[in-house]
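Trainee: A single structure is presented below for examination.
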Amino acid sequence: MGEAMTKKLIVFASGTGSNFEALADHFDRTKTAAILALVCDQPGAPVLAKAKRRGIPVIALNYRDYPDKAAAEAALIAHLPACDLIVLAGFMRIIGSTLLNAYPNRIINLHPALLPSFPGRTGIADAFNYGVKVTGVTVHYVDAGIDSGKIIAQAPVLIGEGTTLPELETAIHDVEHHLLPQTIEALIKEEKI
Ligand code: GRF
């Protein structure tokens with residue numbers, strides 16, 4: 001039996017990077033995929049130090065250097081190494097048509113709520129404030145809308161009587177750190193990437 005090829009991932013992140021770290025830890029163990037580069041749009045984001053510590057190359061994308069999103073994405077594409085999958089893990093921008101067309105069905109996003117409920121930047125707090133008793137985490141393909149692409153995987157998180165928002169945030173992140181690597185692992189196993 002031939003040895004399976006290691007899949008090539010590029011991770012996009014804007015902030016803390018706990019999901020970037022969870023992905024890197026996971027694939028360091030399984031070797032089924034490798035993170036070729038981190039794309040980050042926020043100078044000084046904590047995720048940058050995490051990539052540096054691991055020796056993962058960083059591609060800094062400063063949108064203000066370009067006249068518009070299409071120009072920024074075209075410049076980015078020219079710098080990206082060949083990859084099997086782009087993973088948005090806390091990347092706080094809408095992907096434009098330039099990048100979407102360059103990577104059809106090869107961009108996935110992590111969202112901290114059970115889509116189609118509570119899309120957008122504040123999904124955890126929106127679910128909490130609405131009073132839902134079950135929220136969760138979604139991994140989906142990225143399309144031109146906001147958190148609207150086809151759903152690949154979901155996992156629930158229960159909101160108990162006395163649960164506080166910080167407790168819910170911790171619970172969501174714990175689930176994210178497992179669901180995202182497991183979902184990519186499943187895509188690899190099912191030969192979808
Ligand atoms: C995650 O909750 C993700 O779902 C959301 O942004 C957060 C990023 O967290 N889109 P981190 O930077 O991976 O720690």
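Bear in mind that the values in this text are calculations on the coordinates, not laboratory data. Remember, predicted model here, so these are calculated numbers, not experimental data. Every residue, glycine as well, gets a Cβ built from its backbone with ideal geometry; the counts of neighbours run over all protein chains shown.
Trainee: Using modelled amide H (1.01 Å from N, peptide plane; none on Pro or chain starts), what sits under 5 Å from the amide H of Phe12, excluding residues fewer than 5 places away?
Mentor: Close amide H contacts, sequence-distant or interchain: Val39, Val87, Leu88, Ala89.
Trainee: Quote the relative contact order of the stretch 26-106 in percent (integer), defining contacts as alpha-carbon pairs under 8 Å separated by 6+ residues.
Mentor: Relative contact order comes out at 24 percent.
Trainee: Oh, and also: Based on alpha-carbon centroids, what's the gap between the stretch 1-55 and the stretch 118-156 in Å, whole number please?
Mentor: 22
Trainee: Would you calculate the convex hull of the Cα atoms in the stretch 45-113 and tell me its volume per residue in Å³?
Mentor: Residue-normalised Cα hull volume stands at 118 Å³.
Trainee: Per the helix-only calculation at 222 nm, which mean residue ellipticity applies to the chain, given -39500 (n - 2.57) for every DSSP H run of n ≥ 4 and division by its residues, nearest 500 deg cm²/dmol?
Mentor: It lands at -11500 deg cm²/dmol.
Trainee: Provide the per-residue ³J(HN,Hα) series for the stretch 107-116, in order, calculated from phi with Karplus coefficients 6.51, -1.76, 1.60 and θ = phi - 60°, each as a whole number of Hz, with x at glycine and proline positions.
Mentor: 10, 10, 10, 9, 10, x, 7, 8, 4, x
Trainee: Placing +1 on the Cβ of each Lys and Arg and -1 on the Cβ of each Asp and Glu in the stretch 39-119, which of Gly55, Ala102, Ala113 has its Cα farthest towards the positive end of the resulting dipole?
Mentor: Working it through, the farthest residue towards the positive pole turns out to be Gly55.
Trainee: Related question: Quick one: helix 69-79 against the long Cα principal axis of the chain, what's the angle to the nearest 10°, folded into 0 to 90?
Mentor: For helix 69-79, the angle is close to 60 degrees.
Trainee: Which pairs, out of Lys8/Lys192; Lys31/Lys189; Lys7/Lys31; Lys50/Lys192; Lys50/Lys189, put more than 18 Å between their alpha-carbon atoms?
Mentor: Lys50/Lys192; Lys50/Lys189
Trainee: Running Debye on the chain with equal point scatterers at the Cα sites and no solvent, what base-10 log of I(q)/I(0) appears at q = 0.18 Å⁻¹?
Mentor: Those come out to -1.28, one per q.
Trainee: If contacts are Cα pairs under 8 angstrom and at least 6 residues apart, what is the relative contact order of the chain in percent?
Mentor: 19
Trainee: For the stretch 31-42, just list the computed ³J(HN,Hα) in residue order, Karplus coefficients 6.51, -1.76 and 1.60, θ = phi - 60°, integers in Hz, with x standing in for Gly and Pro.
Mentor: Listing the rounded values in order: 6, 6, 8, 9, 8, 6, 6, 10, 9, 10, 9, 10 Hz.
Trainee: Give me the dipole magnitude in Debye, nearest 20, for the chain about the Cα centre, with unit charges on the beta carbon: positive for Lys and Arg, negative for Asp and Glu.
Mentor: Dipole size: approximately 420 debye.
Trainee: Still on this model: Of Phe91, His173, Asn129, whose Cα points farthest to the positive end of the dipole of the stretch 61-193 (charges on the beta-carbon: +1 Lys, Arg; -1 Asp, Glu; origin at the Cα centre)?
Mentor: Positive-most Cα among the choices belongs to Phe91.
Trainee: Ordered by residue, what ³J(HN,Hα) values in Hz, to whole numbers, does the stretch 151-167 give under the Karplus form 6.51 cos²θ - 1.76 cosθ + 1.60, where θ = phi - 60° and Gly and Pro are x?
Mentor: Whole-Hz 3J(HN,Hα) from phi for the stretch 151-167: 7, 9, 8, 9, 9, x, 9, 7, 10, x, 3, x, 4, 8, 4, x, 5.
Trainee: I want the local charge near Arg54. Using Cβ-Cβ distances under 15 Å, sum +1 for each Lys or Arg and -1 for each Asp or Glu among the other residues.
Mentor: +2
Trainee: So which residue, out of Thr163, Thr16, Thr138, gets the largest mean-square fluctuation from a GNM of the chain using Cα contacts under 10 Å as springs?
Mentor: Looking only at Thr163, Thr16, Thr138, the largest GNM fluctuation is found for Thr163.
Trainee: Around Ala33, which amide H atoms from residues at least 5 apart in sequence, or from another chain, sit under 5 Å from its own amide H, with H modelled in the peptide plane?
Mentor: Those qualifying (amide H under 5 Å, at least 5 residues apart or on another chain) are Lys7.
Trainee: Evaluate 2.2 N^0.38 Å with N set to the residue count of the stretch 86-132, then give the Cα radius of gyration divided by it.
Mentor: That works out to 1.34 for the stretch 86-132.
Trainee: Still on this structure, please answer the following. Taking the Cα centroid of the stretch 56-78 and of the stretch 171-191, what is the distance between the two, rounded to the nearest whole Å?
Mentor: 27
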